[in-house]
Structure formats: C-alpha cells, structure tokens
Protein chains: 2
Amino acid sequence: MAQKNILKYIILGLLNREDLAGYDIKKLFEEELGDFWYSNHSQIYPELRRMEDDGLISSRTELVGKKLEKKFYQITKDGQKLLSAWMDESLNPLVPTRDEFTMKLYLLDSADHPLVTRLFQEEIARHEEKYQYLQTRWQLLFADESEQQKHFGHRCILEQAILREKQRLDWLHRELKKIKKTN
Amino acid sequence: MAQKNILKYIILGLLNREDLAGYDIKKLFEEELGDFWYSNHSQIYPELRRMEDDGLISSRTELVGKKLEKKFYQITKDGQKLLSAWMDESLNPLVPTRDEFTMKLYLLDSADHPLVTRLFQEEIARHEEKYQYLQTRWQLLFADESEQQKHFGHRCILEQAILREKQRLDWLHRELKKIKKTN
DNA sequence: TTTGGCATGTAAGCCGTTACATGATTTA
DNA sequence: TAAATCATGTAACGGCTTACATGCCAAA
C-alpha cells in the first residue's frame, strides 16, 4: 500500500474551487504550491484519468486555437464527498525528512574536518538563492496592499516558505561562525 | 532512475566509523538519525547484500548467545573510495517537502472556515508531543556537560530537530492567534 | 515462563522520477 | 520563422512502505 495517495485529494481540493485541466494543475504545483507539494505531469495525467474512471471527477473538452484540445475536469458529488471526508480525517503521520546536507555533516563527525566549511557554504548558497527568489516573488504578488486580503492560501504558503528559508539560513550562519571559532 | 540511492552512501559513512550489523543501522535510524534520515529494515538488509556483492563492504558473522548469528559489515577500500567521492560531490537538488497540513490549510482557502481551528490544534498537538520528546532526549544525553564535546554529529541532529520543532510551534501559535482575532 | 527486544530476511505494490513522444500555439 | 510555451500522454524503473515470516535471547 505504501503511502496514501494524497495527490488525489489535493486534486479534488483544487477542482473544488474551479475547473482545471491537467496542465493547469501542473502549473499550480510549479508556481504556487511547489514548496509544500509537488507532482510531475507524468503523475498528474494518469491520476486524473483514474479519478474520472472512479467517478470522482468528470471532464469536458475545450478548443484552444483551431486544433489543440484542452481537457477541463470538474468535481462530482462523489468527489466532493470524498474530499470532505479527507478534510475531516486527522492528518497522516509526519513523514521523516531526508536531508542530505545534515547527513553529510553528521558523518564528517567533527567541526574540524576540512570539508565542513565547503559543505556549509554550498548549503548556504542554495538556500540564499531560494530565499531571494521567494522574496522577489512575494514583492511581485503581494507588495500591493490591495492584494493582501486576497489569495489567503497562496500567501500562506509563500510566507511559510520564506520564513523557513530565513530560519534555515540563520541557523547555518550561526553554526558556521561557531565552527570557525573553534578552529 | 528515480532518486539517487543515498542510503548506500549513508551506510558507507556509518561503516566508515565502525563495523555494524543491519540491526545496528536500523537502530541508529530509529534512535539517532531518524529526524533527518530514515530507512526501514526491509530496505537496509537487501541494500547491504547488494553492497557486499558490489565489493563496497564485507561481512563477518558473530554469535550472540549460542545460536543467533549477527552479521557485521565493514567497509572496503572500494567502499571508502566511493564514500569519499560522494562526500566531495556537491549536494543533490533539494527535494520538495510534502506537507499535508499546509495543503489542507491552503485548500480551505480562508481563515474563517470552521475546520481551520481544529486543523491547527491537531498540528500543534503532534508537534508539541514531538518537541517534548526531543527535549527529554536531549536532557538524557547531553545535560551532563562532560558529554557536550562528544557526539558532535548526534548532538547536531538532535539540536537541529529541536529548533525546527520550536520554530514550527511558534509559527503555528502566531498564526492561530491571528486567525482567532479576525473571527 | 512469558513478554519484549534482538536479529535477519522476503514479497507485493504503490509513489514518484526520468525519459520518451508528439503536436499546436503564441511570442519575440 | 524560430524559440518558448501550451497541452497531453506513455514507459521503465528505482525507492520506499507495508506486510509477511522466522527464530533466538534476556529480563521480569
């Protein structure tokens, strides 16, 4: 059984707000949700088909231009029932994070190891980049105060992601300083 | 290809410090590393076998009691080479977190929804429990100052995990307060 | 003597990634 | 008109979880 198929419920949740095509869902993951959930299109399309077979969603086709077909899905009554059951359910157990940086640090097993500094610098650089990107995005989307109240969910995710990066960076810088002192 | 087989390198890193049996590795994941890496024993044992077939590790058997056999693995020269190559390599791209709580919150799409408060309370409760557990563990292991200098890696992981839980809890409490005000 | 922990495996199957594949539309 | 983006799929495979399975040892 492996993990619960949570993607299914997330798709239901998205379709519960508006009709979407597979491509739209993919875009949402890339541009809005990706920091807390992500699926590739190669997982999305087959899932949509299965969900339609199961009667959780239905589809209609619209033309883009003259030939290109876009398949919009809408949630059904059954889908809504299943969605609200999931919403009512208690959360699944926390899955353990898998953090390659921390494991490397753990395995070096000493603050003196010559690789430690480089490891920190690499981790700092990648989080710095991400942090900058997220900040730019926030400016773009929510700097205008009239937008503050709208997009509750989107803002919630983006701000959480920004905070997470900031806290990570702070910790990394603190630890690196400590390490440099002892050497 | 999916993900890189990082478990392999972690096992190598562990065996590079001391000989271990599969069960010992399992125990390490459960008691020491679990917050930043975890694998089930059903993944560990076959992996060890493959690694031995590939000449990265070798094994010897010791008796526990009169009949029970325990298979200790040690790292080979080839294993050490591969380990140090991995250590020198740059980190793999960050994998996106999958966070069911945040997705549910996102999908409720409003601070007013009756489920929001319950959702927060549930998330707070589970992180509170974890936080308490981790704190107890720190006390147990590192309260004695003579232990402070030892176990660099273990302490690093435990303290990181504690900080993460604390920051998460702080955020949850802050947001919950905000939400209650607007209602 | 029973219970819990030690110790090592195998099998089925889902989740997710990577790669393969194709074609239309829009934009620079 | 070329490049980027829109749009939808399939195939192969590895990682990981869950469940099945067995037996020994130590401690209460």
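The values are calculated or read from the model by the stated rules, or taken from the named source; none is laboratory data. Just so we're clear, the structure is a prediction, and the values are computed from it rather than from any experiment. Every residue, glycine among them, receives a Cβ derived from its backbone with ideal geometry; neighbour counts consider all protein chains shown.
Which residues, counting only those in segment A:50-60, are surrounded by fewer than 17 Cβ atoms within 10 Å (Cβ to Cβ), on the phi < 0 side of the Ramachandran plot and away from DNA strand C (no atom under 13 Å from the Cβ)? Let's see the steps before the verdict.
We begin by selecting, within segment A:50-60, every residue surrounded by fewer than 17 Cβ atoms within 10 Å (Cβ to Cβ); these are A:50, A:52-55, A:58-60.
Narrowing the set further to residues that are on the phi < 0 side of the Ramachandran plot leaves A:50, A:52-54, A:58-60.
If the condition is that a residue be surrounded by fewer than 17 Cβ atoms within 10 Å (Cβ to Cβ), on the phi < 0 side of the Ramachandran plot and away from DNA strand C (no atom under 13 Å from the Cβ), then A:Glu52, A:Asp53, A:Ser58, A:Ser59, A:Arg60 are the ones that fit.
Which condition does A:Tyr38 not pass, out of (1) among the hydroxyl-bearing types (Ser, Thr, Tyr); (2) touching a Pro at 6+ places or on another chain (Cβ under 9 Å); (3) within 12 Å of DNA strand D (Cβ to nearest atom), if it passes all the others?
If we test A:Tyr38 against (1) among the hydroxyl-bearing types (Ser, Thr, Tyr); (2) touching a Pro at 6+ places or on another chain (Cβ under 9 Å); (3) within 12 Å of DNA strand D (Cβ to nearest atom), just (3) comes out false.
The rows are residues; the columns are (1) under 30 Å from A:Thr117 (Cα atoms); (2) at pLDDT below 95; (3) within 16 Å of DNA strand D (Cβ to nearest atom).
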position	(1), (2), (3)
B:Gln43	no, no, yes
B:Gly55	no, no, no
B:Lys77	yes, no, no
B:Val95	yes, yes, yes
B:Lys104	no, no, no
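Out of A:Lys150, A:Lys77, I need the residue that is within 30 Å of B:Ser110 (Cα to Cα), in the same structural domain as A:Ile57 (by TED's automatic domain parsing) and out of contact with any Leu (no Cβ under 9 Å at 6 or more places or on another chain). Which one? Let's see the steps before the verdict.
Details: A:Lys150 fails: in the same structural domain as A:Ile57 (by TED's automatic domain parsing).
Selected residue: A:Lys77, the only one of A:Lys150, A:Lys77 that is within 30 Å of B:Ser110 (Cα to Cα), in the same structural domain as A:Ile57 (by TED's automatic domain parsing) and out of contact with any Leu (no Cβ under 9 Å at 6 or more places or on another chain).
Take A:Phe72 and decide whether it is touching an Asp or Glu at 6+ places or on another chain (Cβ under 7 Å), in contact (Cβ under 8 Å) with a residue 60 or more places away in the chain and outside any helix (DSSP H, G or I).
Working: touching an Asp or Glu at 6+ places or on another chain (Cβ under 7 Å): yes; in contact (Cβ under 8 Å) with a residue 60 or more places away in the chain: no; outside any helix (DSSP H, G or I): yes.
Against the criterion (touching an Asp or Glu at 6+ places or on another chain (Cβ under 7 Å), in contact (Cβ under 8 Å) with a residue 60 or more places away in the chain and outside any helix (DSSP H, G or I)), A:Phe72 does not qualify.
How many of the residues in segment B:55-69 are touching an Asp or Glu at 6+ places or on another chain (Cβ under 9 Å) and free of Cβ contacts under 8 Å to residues at least 12 places away in the same chain?
The number of residues fulfilling the criteria is 4.
Spot the failing condition for B:Ser84; the list is (1) more than 13 Å from DNA strand C (Cβ to nearest atom); (2) outside any loop (DSSP other than H, G, I, E, B); (3) more than 10 Å from chain A (Cβ to nearest Cβ), and only one is missed.
Of everything listed in (1) more than 13 Å from DNA strand C (Cβ to nearest atom); (2) outside any loop (DSSP other than H, G, I, E, B); (3) more than 10 Å from chain A (Cβ to nearest Cβ), B:Ser84 misses just condition (3).
Going through segment A:1-23 one residue at a time, which ones are within 13 Å of DNA strand C (Cβ to nearest atom), modelled with pLDDT of 95 or more and either closer than 17 Å to A:Ser84 by Cα or charged (D, E, K, R) (or both)?
Applying the first criterion (within 13 Å of DNA strand C (Cβ to nearest atom)) to segment A:1-23 yields A:1-11, A:21-23.
If we keep only those that are modelled with pLDDT of 95 or more too, we end up with A:5-11, A:21-23.
A:Asn5, A:Ile6, A:Leu7, A:Lys8, A:Tyr9, A:Ile10, A:Ile11 - these are the residues of segment A:1-23 that are within 13 Å of DNA strand C (Cβ to nearest atom), modelled with pLDDT of 95 or more and either closer than 17 Å to A:Ser84 by Cα or charged (D, E, K, R) (or both).
Filter segment A:24-43 down to the residues that are near DNA strand C (Cβ under 9 Å from one of its atoms), buried (at least 16 other Cβ atoms within 10 Å of the Cβ) and in contact (Cβ under 8 Å) with a residue 24 or more places away in the chain and list them by number. Full working, then the answer.
Narrowing segment A:24-43 to residues near DNA strand C (Cβ under 9 Å from one of its atoms): A:37-43.
So of that shortlist, the ones also buried (at least 16 other Cβ atoms within 10 Å of the Cβ) come out as A:37-39.
Within segment A:24-43, A:Trp37, A:Ser39 meet the criteria.
Could you list, in sequence order, the residues of segment A:96-124 that are more than 7 Å from chain B (Cβ to nearest Cβ) and loosely packed, with under 14 Cβ neighbours inside 10 Å?
Across segment A:96-124, the qualifying residues are A:Asp112, A:Pro114, A:Arg118, A:Gln121.
With the condition kept exactly as written, say whether any residue in segment B:162-170 is basic (Lys, Arg), modelled with pLDDT of 90 or more and under 16 Å from the mean Cα position of the chain (by Cα).
The initial filter retains those residues of segment B:162-170 that are basic (Lys, Arg), namely B:164, B:166, B:168.
Going one step further and asking which of them are modelled with pLDDT of 90 or more, we end up with B:164, B:166, B:168.
From the residues that got through so far, the ones that are under 16 Å from the mean Cα position of the chain (by Cα) too are B:164.
Yes.
Kindly establish whether B:Ser90 is closer than 20 Å to B:Tyr23 by Cα and polar (S, T, N, Q). Walk me through it before giving the result.
On the way: closer than 20 Å to B:Tyr23 by Cα: no; polar (S, T, N, Q): yes.
Against the criterion (closer than 20 Å to B:Tyr23 by Cα and polar (S, T, N, Q)), B:Ser90 does not qualify.
Mind counting the residues in segment A:8-17 that are within 14 Å of DNA strand D (Cβ to nearest atom) and surrounded by fewer than 20 Cβ atoms within 10 Å (Cβ to Cβ)? Before you say what the answer is, go through the steps one by one.
Of the residues in segment A:8-17, the ones within 14 Å of DNA strand D (Cβ to nearest atom) are A:11, A:14-15.
Restricting the remaining residues to those that are surrounded by fewer than 20 Cβ atoms within 10 Å (Cβ to Cβ) gives none.
Count: 0.
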